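Written below as structure tokens is the structure these notes are about.
The values are calculated or read from the model by the stated rules, or taken from the named source; none is laboratory data. Given the structure is predicted, the values throughout are model-derived calculations rather than measurements. Here the Cβ positions follow ideal geometry from the backbone for every residue, glycine too, while neighbour counts run over all protein chains shown. What goes into the accessible areas is simple: the full protein's heavy atoms, side chains included, and nothing from ligands, DNA or RNA. Shrake-Rupley method; radii C 1.70, N 1.55, O 1.52, S 1.80 Å.
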Amino acid sequence: MQAAQIFYDTLAVSLATGPDIQDITPELNELVRQSRIANGVLCANAVGSTGSLTTIEFEPGVVADLKDAVDRWAPKGMPYAHELAWHDGNGHSHVQAALMGPSINVAIRNRRLRLGTWQQVVAINHDNRARRRQVEVTILGTAK
Amino acid sequence: MQAAQIFYDTLAVSLATGPDIQDITPELNELVRQSRIANGVLCANAVGSTGSLTTIEFEPGVVADLKDAVDRWAPKGMPYAHELAWHDGNGHSHVQAALMGPSINVAIRNRRLRLGTWQQVVAINHDNRARRRQVEVTILGTAK
Amino acid sequence: MQAAQIFYDTLAVSLATGPDIQDITPELNELVRQSRIANGVLCANAVGSTGSLTTIEFEPGVVADLKDAVDRWAPKGMPYAHELAWHDGNGHSHVQAALMGPSINVAIRNRRLRLGTWQQVVAINHDNRARRRQVEVTILGTAK
């Protein structure tokens, strides 16, 4: 066992009207590089209740399929109690984001996120307008 | 980089027959305060296979919409193999909880959970009876 | 507060054609034992974009119910944009895995994962062929 070190920072991600899905893996690996942590874990959470994080193979087909799926799991056209009270038209956004979840963790090995070759970390905006979303990143590990 | 400190504790959350959703953000922020950790990450997991954790805007509309959605994703009325064997009527509860996921992590910045203004951490009971659920909380970070 | 120690390792899990669900709790508790960490948190992520992690009561009924549910949430028979481009027949696998999520965290208390009595950590293969999947495990905590 070794003593764990900590590093943290914030990413800002510009996202279009939801569902929009952006690859944030390069930015996360850049934070891993800045952290000088070689082995450990990266914890990330999307700030705001209509954003989420997960991993996918970031290619246009899967991106389109996942957008279709989240709109199928919580469609825009349904009556939502949130909209009856707030009239902001994003009842589906809240349900989608709660389903997908706000946070993930990914191992760091040899100074890189330990993902599959065709696996990327993505930030998703579910809101019914473009959003500049913050993702909080905390890295724990050792320099060797 | 700084050395990471650790603090941990258990929350007990009283929840009604599922799906029931309770805001646990004040209790989590109280644990952050007790931890004396200023910057880091809070990891939490629901103990028991019919509970889950996520974040939502905790207002009555979204709470009602998310209850409706989890009951739509895994309805009570369907035939579940779990029930054929165990006859405890909560086959849907198990599927809902696995879908939503048992754990989340949220960054701590300046001695507070780093959530959106309208974003709260919630514990969900999916079981078909009221449950007093335990949520295990582990906080890692630095005092400055 | 105490200083956090870190330990990490990789599990390999043999999984049949998806959806296949395997209990990895014994292997994770063995890593906790090896880590000599008594109290803290275990972070795990599935490597590869068609795998996921969650917790369930690992008994045949719930396993069957969850397989049925993920196939209902993202059925095999639908037209997926991923398949139109790649013709590998696993468009549903990618959507299912993104939905379930690649990572979880579970508290460690008294040298054991802090789960419910009928709650196990499972690795899920959603791919349309058998896969030997890697799960990266990072353990943070203290020896006392």
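Here are some residues: A:ALA46, A:ALA98. Which one is without any contact (Cβ under 8 Å) to a residue 60 or more places away in the chain, within 13 Å of chain B (Cβ to nearest Cβ) and either open to solvent by less than 30 Å² (accessible area, probe 1.4 Å) or under 27 Å from B:ALA38 (Cα atoms) (or both)? Every option except A:ALA98 fails the conditions.
For beta carbons closer than 6 Å, sequence separation of 6+ or different chains, a first residue in segment C:5-28 that is under 20 Å from C:ARG112 (Cβ atoms) and a second that is assigned to a helix (DSSP H, G or I) and open to solvent by 50 Å² or more (accessible area, probe 1.4 Å), the qualifying pairs are C:LEU11/C:GLU27.
Within segment B:66-83, the set of residues being more than 11 Å from C:ASP65 (Cα to Cα) and out of contact with any strand residue (DSSP E or B) (no Cβ under 9 Å at 6 or more places or on another chain) comprises B:ASP68, B:ALA69, B:ASP71, B:ARG72, B:TRP73, B:PRO75, B:LYS76, B:GLY77. Among the residues of segment A:102-118, those that are under 19 Å from A:VAL70 (Cα atoms) and open to solvent by less than 10 Å² (accessible area, probe 1.4 Å) comprise A:PRO102, A:ILE104.
Note on segment C:127-144: among residues that are more than 7 Å from every other protein chain (Cβ to nearest Cβ) and among the polar types (S, T, N, Q), the one that is surrounded by the most Cβ atoms within 10 Å (Cβ to Cβ) is C:GLN134. Beta carbons closer than 7 Å, at least 6 apart along the sequence or on distinct chains, never pair a first residue in segment B:60-81 that is away from chain A (no Cβ under 14 Å) with a second that is of a type in the set (A, V, I, L, M) and open to solvent by 40 Å² or more (accessible area, probe 1.4 Å). Among the residues of segment C:36-59, those identified as over 30 Å from C:GLN2 (Cα atoms) and assigned to a loop (DSSP other than H, G, I, E, B) are C:VAL47, C:GLY48, C:SER49, C:THR50, C:GLU57, C:PHE58, C:GLU59.
Picking from C:SER14, C:SER52, C:SER93, which residue would you name as being at pLDDT 95 or above and surrounded by fewer than 20 Cβ atoms within 10 Å (Cβ to Cβ)?
On the way: C:SER52 fails: surrounded by fewer than 20 Cβ atoms within 10 Å (Cβ to Cβ); C:SER93 fails: surrounded by fewer than 20 Cβ atoms within 10 Å (Cβ to Cβ).
The conditions single out C:SER14.
Is there a residue in segment B:60-81 that is over 30 Å from A:ASP9 (Cβ atoms), assigned to a helix (DSSP H, G or I), among the β-branched types (Val, Ile, Thr) and open to solvent by less than 10 Å² (accessible area, probe 1.4 Å)? Scanning segment B:60-81 turns up at least one residue that is over 30 Å from A:ASP9 (Cβ atoms), assigned to a helix (DSSP H, G or I), among the β-branched types (Val, Ile, Thr) and open to solvent by less than 10 Å² (accessible area, probe 1.4 Å).
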